[in-house]
Amino acid sequence: MHDIQMPTSDDSALALQQSSRKVRGLLRRLSWGVPAIGLVLIVLMAAAFYQLRAKPLALSKAETAQREAAEHMATRMDALAAQIDRIVLTMRDWTQAGVVGLDDAAALNRVMIPVITQRGIVSSVHLANDEGREVLLLKVPEGWKNRITHVPRKGTQQNWLLWRDAATRVSEEWKAQDYDPRKRPWFTGAMGVPENQVYWTEPYLFQTTQEPGITAAVRWTDAATGRKWVVAFDVLLSDLPRLTLDMAYAAHGHVVLLTPDGKVLGLKAQFSILD
């Protein structure tokens, strides 16, 4: 018969220790694994929530903010255009009534400088006719300038007057320039629409300052002489950002003006014409 050996107390203790170590190792692995699994589940649930709920809500909110900013900008531009339309038509009425004219630049200045000062968005004013005569009133850093053009008599010579204010003339000079008001976009454009209808040009470079801008113009025919007249008001694109200074619809959002064909007129801080 074989002898059956009973486990000694030492063997039992060793087996118990090994089993205990296995259990502790398993518990340690579970202690790390269970939270990790829980974290992965939380991340997956958060990602699912973001994709299904949070992201669409954020996009909807951004689209709403953009739409409101665009509508606000459109409202401001409409108001600006309507304001300039009114003063263009008012100057037409003053010209027809003899309040302002081509033969007295000082009188035109006295009437129009306060009007332009109250509406800082206007940079210059033209009064011209189809004979090739024009008086320009222009804001400059030194004050105000008139350019007096009379193509039939003076050809390319223009008379320039510098004024400190509406009553104080500082200097006078003659300059030669190949300039004819009848060839400018505001004049030709106004001639292409019905009388007494305000015409707005596309953005173009102004002859005097070589800066980009737009012009509102209106034409009419003098009933007594049959001569065609045009009044025009210039707006520099560089002045338009003032309309958007308080229109940041997001921390990094900006308002951009575009022409109907997709040209960028400018940003909040700087305006230009870009294809």
How much length, in nm to one decimal, is gained on full extension between V193 and A97, taken as 0.36 nm per residue of separation minus their Cα-Cα distance?
32.3 nm
T75 paired with E142, simple spin-label distance in nm, labels 7 Å along Cα-to-beta-carbon:
4.4
Sparse-neighbour loop sites [GluC sites (Glu not before Pro); the range 139-188; at most 14 other C-beta within 10 Å; DSSP]:
E142
Neighbour net charge for G143 - beta-carbon separation under 12 angstrom, K R +1, D E -1:
+2
Taking 0.36 nm per residue of separation and subtracting the Cα-Cα distance, what length does fully extending A167 through Q51 add?
35.0 nm
Among P152, A128, W220, whose Cα lies farthest out toward the positive end of the dipole of the range 106-250, if unit charges sit on the beta carbon of Lys, Arg (+1) and Asp, Glu (-1)?
P152
What is the extension gain from T90 to Q210, computed as 0.36 nm multiplied by their sequence separation minus the C-alpha to C-alpha distance, in nm to one decimal?
40.5 nm
Using only protein heavy atoms and a 1.4 Å probe, report how much of D104 is accessible, in Å² to the nearest 10.
70
The local net charge around D165, scoring Lys/Arg +1 and Asp/Glu -1 for residues other than D165 whose Cβ lies under 15 Å from its Cβ, equals +4
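The values are calculated or read from the model by the stated rules, or taken from the named source; none is laboratory data. Being a predicted model, the structure only gives us computed values, none of them experimental. A quick note on method: Cβ atoms are made from the backbone with ideal geometry, for glycine too, and the neighbour counts reach across all protein chains shown. Protein only, heavy atoms only, side chains kept; ligands, DNA and RNA dropped before computing areas. Shrake-Rupley method; radii C 1.70, N 1.55, O 1.52, S 1.80 Å.
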